[in-house]
Amino acid sequence: MKGQRCHGWVLMLAAVLALGTAAPAAAAEKTLEIGVLGPLSGGAASYGVELLRGAEMRSDEINKAGGLKVGGDVYKIKLIAYDHKASAADAATAANKLVFQDKVKYIIGNAVGATCNAVQTVTEPQKVMFAFVCWGTNNLGPDKPHSFRSMLSQWEAAEPFYRWIKEKRPTIKKVAVISPNDTSGLDTNTAVVKAVKGLALDLVSEETYERGTKDFYPILTKILAKKPDLLDVAAAPPAEAGLILKQAHELGFRGAKGWTAGVNPVTLVGIAGVEAAEGVWSPVNINVRSDFVDPKVRKFGDEYEKRYKEVPGVIAVANYGAFDVFTKAMQEAGSVETDKVLAALTSRPYDTVWGRLVIGGKETYRIDRQFLYPMVISEIRGGKIVDIEQVLPAALKALTK
Amino acid sequence: MPIELLVQALLNGFALALVYVLVALGLTLIFSILGIINFAHGEFYMLGGYATYFGVAVFGLHYVPTLLLAIGAVGLAGVVAERLIFRHLRGKTLNAFIVSLGLLWVLQSGAQLTFGVLDKPVPSAFSGIIRAGRVIISVERFVVVLAAVGLIAVLYGFLQWSRVGRAMRAVAQDPDGAALQGVNIEFTSMLGFAVGCALAGAAGGLLAPVFAVSPPMGALPVVKAFIIIIVGGMGSLPGAVLGGLLLGTVEGIGSLFFSSAAVNVLGFLMVIAVLLVRPRGLFGAA
């Protein structure tokens, strides 16, 4: 009897051990709420819509694959999105709601520089991780360690873009630049002006306008009186850039056209018309159907188009990539705690939708918080986006030497 | 400064101001007849823009009949708004003010939900430019100016010489007196509201191919319209035209010397100056 009882215990123990080996204790399924901010209405709405769609694409992929496995837990991702209408005041309100009401620890997605500054007044003291596509120079810095820019900014793009223009089109001497009169716009103009002057080109006009402006005739009358060879609609969002080029064309401008911080040229062509949009060069946009881009981007583009019936612009790709990088860093850290994820984030390059992505930028921002990847200069020809050449931002060149 | 630049700046200012005069005329007509300041007036401008977008860009109709249909459709929307809402608020200035603000948000949010948030381009029926020396205007804008002037003239003729137009003026001057003379106040008010909204719709339809359409597109024209009617005098049609021309001059010339943000302020400075010197506006009744 004693022997039999002992044998039974051994069997039970063996069974438990076997079960434990064959099927480890089921990972607890939790929900990870991630905030998305952006202008979902108003003149810059295309930015916000793309941010949200990029986030939806990646989070749905993760959820459909069973969730995000981090350490011993599996997280379903839930997005909480708010519209700030490109207003800094509304952005601060939305950030407060996300951080204090919804208790999110990650905000992945925001656009328009002044709104990023507003959001950072909430996220940095609360150590909330914040990824954005704002082009404000001071959106990155050692005083903002939890903030990351997930697409190239004017500081990475302007110098190589104008160097390329100078080499390929030496007849272009006089440059005019126009941007919105907020943080993103002013900083973009500053970067363009620095690049133009650094390359010994002649800056004949530097103008700004109020976001939401529809009639650019008055500003263009002043600009075109200076007879520029190239008009750069630097940080204008697609709809406004389209209106500027349409009206410049109406006022007789037939020179070269640049769009240093240009995103989504498809929208620009729709507004400007094929003729006025002809020949626009853009260094930060991405053509998801291009031979220059990583096959992952082409796949993303196909699925995006199938889902939303539109071709994605660079902001959708950037936020998809940001979600990818942040969730990979969570897995690498084995935790969703922001301190651990922060340490993991900057430790290595990532294989992403952009191809190999490095987080750098210390030379410009005094901290490595800028996503760096190769950029492709494209041109609008007959209403289509044609890629011309791939160039590397100087910061990426330095890191990959 | 070259004279051509000055002429170009004035032309830029006048071209748009004349369209904003249409919006202002609608606003001031509604105020005169119903005693209501309709803050949702810009949304009727937006509806005119979207009606034109659907006619031209979606259904492929020609621009001119589409514009006429858009004007009619927005006028009809005005009839609905008057019968359902504003008829019950005639003379109740504060109530009408709150309700019109509510209507503004309902129409704008409804447009966002229905049409989406992105700008939608409307193909232009007119291409090319007209050049006089170094002064340029696109054929598209020239047609817009002609149409705006034409509509202002038609409105003037309608109010001056048609039986219904005279009834509207009578109701605007003295509703009780007009009623005693046999004028149907309710019908005249409804018609006045519809004509006012149709004018906003016409402006929206005229500028749709020039600027594209979007849900918040009515915000700027209605601000300009308020500047125009405060300067010109509330309830005065000639005042609205003069206010528009003054705004066009100030903004056109101002744009040569100041940034776009500062130019927007110039209109409000003009309002302050006029209100200090002549509180009822240039042509307003005492």
- prompt: Where does helix A:154-168 land angle-wise versus the long Cα axis of chain A, in degrees 0 to 90, nearest 10?
  reply: 50 degrees
The stretch B:1-116: relative contact order as a whole-number percent, Cα under 8 Å and 6+ apart: 31 percent
- request: Would you calculate the volume per residue, in Å³, of the smallest convex hull containing every Cα atom of the stretch B:3-215?
  value: 131 Å³
task: Take every Cα pair under 8 Å in chain A that's 6+ residues apart, average their separations, divide by the length, and report that relative contact order as a whole percent.
output: 15 percent
Selection from A:ALA248, A:PRO228, A:ASN181, by position along the positive dipole direction of the stretch A:154-283 (Cβ): A:PRO228
task: Using the structure shown, select from A:LYS30/A:LYS103; A:LYS85/A:LYS328; A:LYS103/A:LYS362; A:LYS76/A:LYS296 the pairs with a Cα to Cα distance greater than 26 angstrom.
output: A:LYS85/A:LYS328; A:LYS103/A:LYS362
- prompt: In whole Å, what is the distance between the alpha-carbon centres of the stretch A:280-311 and the stretch B:231-286?
  reply: 48 Å
statement: The pairs in A:LYS214/A:LYS309; A:LYS299/A:LYS384; A:LYS166/A:LYS227; A:LYS105/A:LYS144; A:LYS168/A:LYS306; A:LYS127/A:LYS299 lying past 25 Å Cα-Cα in this model are A:LYS214/A:LYS309; A:LYS168/A:LYS306; A:LYS127/A:LYS299
- request: Count neighbours as other Cβ atoms within 10 Å of each site's Cβ, and list the trypsin sites (Lys or Arg not before Pro) in the stretch A:176-237 that are DSSP loop with at most 14 such neighbours.
  value: A:LYS226
message: To the nearest 20 Debye, how big is the dipole of the stretch B:136-275 about its Cα centre, given +1 on the beta carbon of each Lys and Arg and -1 on that of each Asp and Glu?
response: 160 debye
message: Give me the dipole magnitude in Debye, nearest 20, for the stretch A:154-283 about the Cα centre, with unit charges on the beta carbon: positive for Lys and Arg, negative for Asp and Glu.
response: 460 debye
field: Cα pair distances in chain A, grouped into 20 Å bins until the bin that holds the longest one, percent each
entry: 28, 53, 13, 4, 2, 0
- request: List the DSSP H helices in chain B whose Cα atoms stretch 27 Å or more along the helix axis and whose mean Kyte-Doolittle hydropathy is at least -0.5.
  value: B:3-34, B:63-84, B:93-115, B:139-161, B:185-211, B:237-257
field: Unit charges at the beta carbon, dipole of the stretch B:3-215: most positive-side option, B:GLN108, B:GLY196, B:LEU151
entry: B:LEU151
query: Along the charge dipole of the stretch A:81-172, which of A:SER147, A:TYR162, A:VAL112 sits closest to the positive end, that is, farthest toward it, with unit charges on the beta carbon of Lys, Arg, Asp and Glu (+1, +1, -1, -1)?
result: A:TYR162
task: Return one number: the angle in degrees, 0 to 90 and rounded to the nearest 10, between the long axis of the Cα atoms of helix A:314-333 and the longest principal axis of the Cα atoms of chain A.
output: 30 degrees
message: Rounded, prolate or oblate for the stretch A:175-291? Axes are the square roots of the Cα gyration tensor eigenvalues, ordered a ≥ b ≥ c, and the cut-off for rounded is a/c under 1.5.
response: rounded
- request: Specify the inter-centroid distance of the stretch B:149-192 and the stretch B:110-142, based on alpha-carbon positions, in whole Å.
  value: 34 Å
message: With n ≥ 4 as the cut-off for DSSP H runs, can you work out [θ] at 222 nm for chain A, using -39500 (n - 2.57) per run divided by the number of residues, rounded to the nearest 500?
response: -13500 deg cm²/dmol
message: Using Cβ contacts closer than 10 Å as the measure, can you line up B:LEU206, B:LEU11 from fewest to most?
response: B:LEU11, B:LEU206
message: Just want to confirm a number: the relative contact order over the stretch B:3-215, from Cα pairs under 8 angstrom separated by 6+ residues, in percent.
response: 43 percent
- prompt: Using the alpha-carbon atoms, what tilt in degrees (0 to 90, nearest 10) does helix A:113-123 show relative to the longest principal axis of chain A?
  reply: 30 degrees
task: Wrap a convex hull around the Cα atoms of the stretch B:165-286, take a quarter of its surface area, and give that in square nanometres.
output: 9.2 nm²
message: Apply the a/c threshold of 1.5 to the C-alpha gyration tensor of the stretch A:95-211 and tell me whether it is rounded, prolate or oblate.
response: prolate
- prompt: Could you give the nm distance between label points at A:ALA343 and B:VAL139, where each point is 7 Å from its Cα heading toward the beta carbon?
  reply: 7.0 nm
statement: Shielding of B:117-128 by other chains, given as the mean Cβ count within 10 Å, works out to 5
field: Computed over the protein assembly as shown, Cα set: Rg, Dmax in Å
entry: 29.2, 119
Chain B: calculated mean residue ellipticity at 222 nm from DSSP helix runs of at least 4, using -39500 (n - 2.57): -25000 deg cm²/dmol
task: Could you size up the charge dipole of the protein assembly as shown around its Cα centre, putting +1 on the beta carbon of Lys and Arg and -1 on that of Asp and Glu, and report it in debye to the nearest 20?
output: 420 debye
- prompt: Given springs between every Cα pair under 10 Å in a Gaussian network model of chain B, which of B:ALA125, B:ALA202, B:ALA219 has the largest fluctuation?
  reply: B:ALA125
- prompt: In what order do A:ILE178, A:ILE286 fall by count of nearby beta-carbon atoms within 10 Å, going from fewest to most?
  reply: A:ILE178, A:ILE286
field: Computed FRET value (nearest 0.05) for B:TRP161 with B:LEU113, which takes r as the C-beta separation and R₀ as 35 Å
entry: 0.20
Relative exposure of B:PHE226, B:PHE59, B:PHE193, judged by other C-beta atoms within 10 Å (fewest first): B:PHE59, B:PHE226, B:PHE193
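The numbers here are math on the coordinates, done by the rules we state, and not lab data. Since we're looking at a predicted model, the values are computed, not measured. Note that we place each Cβ from the backbone using ideal geometry, even for glycine, and neighbour counts take in every protein chain shown.
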